[in-house]
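Here is the structure we will look at, set down as structure tokens.
The values are calculated or read from the model by the stated rules, or taken from the named source; none is laboratory data. Small disclaimer: the values here were computed from a predicted structure and weren't measured. Every residue, glycine as well, gets a Cβ built from its backbone with ideal geometry; the counts of neighbours run over all protein chains shown. Side chains are part of the model used for accessible areas, which takes the heavy atoms of the whole protein and leaves out ligands, DNA and RNA. Shrake-Rupley method; radii C 1.70, N 1.55, O 1.52, S 1.80 Å.
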Amino acid sequence: MMKGPILLVLAAGMGSRFGGLKQLEGLGIHGETLLEYSVYDAIRAGFSTAVFVIRKDMEALFREKVLSRFSSHLECLTVFQEPNFMIDPTLVSPEEVHARTKPWGTAHAVLCVSNIIDRPFAVINADDFYGREAFNAMGAFLSAEDQQNKRDAAMIVYPLDQTLSPEGPVARGICTIQNGILKEIIEHINIEKIDERILSRQSQSAEIELAPSSGVSMNFWGLKPTIFPDLADYFIHFLKTKGREPKSECYLPMAIDYLIQHRGLIVNALTTGAQWFGVTYREDRIQAEARLNTMIAQGMYPEYLWK
């Protein structure tokens, strides 16, 4: 029997705005994490394997609090995002790597699984809720056998105004989409709704007003293993330009944009009725809990996901 696509979960983040490990926060009625709802939806959309990229120092806690709850429902693998993985010592010295306090970013996290991914895969963040329709759409794209271009990728698009936090600014990848194809993605690191206007503050003196309906990436990508050589080339480019900055991060959306512009990558923009939510700030958890409770009350999810 042919295996379904792989779900690649990025769970090595530090949660600096949240002030802790968001990926381990229990928000469901019985302490379920947002990640568990993603895995639940992914299984029903045909995904058969989940690969989790984590930090080595959180392995025991991650296995106890998260994996133990659903590891019997699908194949689960863990991979560490090691700070020295794929780091050319002529570009960044071992001492500089050791001095870093943050992981190398989401593009590097994806590269960490390049030796074990052998079929189409979706990439998600561990601490976001993406919605069942999003997993159904991505599962169908990755499972289609008649795709003409095996290098094609996909992303789930969400409207900007549905991805903001009332607690403070957020970072979002603003997308330019033409005829269902992603043409450009620009990372904005300080977006906030102020007096009914959505503003991206580039600096203390410069700001851009963004349309509420602007399409954004929430790091839900559909990729093929053929992307890894190009992604590795981009990471080397990143190391040459920003590798010596101790807090620099190589973001997956920026890598995708580079591959669109310079390597001809075609990214299909998948629009669904899915509702995204997350916990950028600790205060966001109240609203997230309420939304999960509402969906459970409406019968969209069982009270016990894994019973």
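Considered as a group, the residues in segment 121-158 that are assigned to a loop (DSSP other than H, G, I, E, B) and modelled with pLDDT of 95 or more include one that is surrounded by the most Cβ atoms within 10 Å (Cβ to Cβ), and that residue is TYR130.
Across segment 72-107, the qualifying residues are those that are within 19 Å of the chain's Cα centre (by Cα) and among the small types (Gly, Ala, Ser), and the one among them that is modelled with the highest pLDDT is ALA107. When segment 177-192 is filtered for residues that are open to solvent by 70 Å² or more (accessible area, probe 1.4 Å) and either in a strand (DSSP E or B) or touching a residue at least 12 places away in the same chain (Cβ under 8 Å) (or both), the ones remaining, listed by number, are GLN178, LYS183, GLU184, ILE186, ILE189.
With the structure loaded, tell me whether ILE174 is exposed (fewer than 15 other Cβ atoms within 10 Å of the Cβ) and of a type in the set (Val, Ile, Thr) or whether it fails that test. Judged against the criteria, ILE174 is not a match. Of all residues in segment 250-283, those satisfying the criterion of being buried (at least 18 other Cβ atoms within 10 Å of the Cβ), under 17 Å from ALA107 (Cα atoms) and out of contact with any His (no Cβ under 6 Å at 6 or more places or on another chain) are TYR251, LEU252, PRO253, MET254, ALA255, ILE256, ASP257, TYR258, LEU259, ILE260, LEU265, VAL267. Here LEU231 meets the list (1) farther than 24 Å from PRO159 by Cβ; (2) open to solvent by 10 Å² or more (accessible area, probe 1.4 Å) almost entirely, failing just condition (2). Residues in segment 200-223 that are open to solvent by 10 Å² or more (accessible area, probe 1.4 Å) and more than 30 Å from PRO120 (Cβ to Cβ): ARG201, GLN202, SER203, GLN204, SER205, ALA206, GLU207, ILE208, GLU209, LEU210, ALA211, PRO212.
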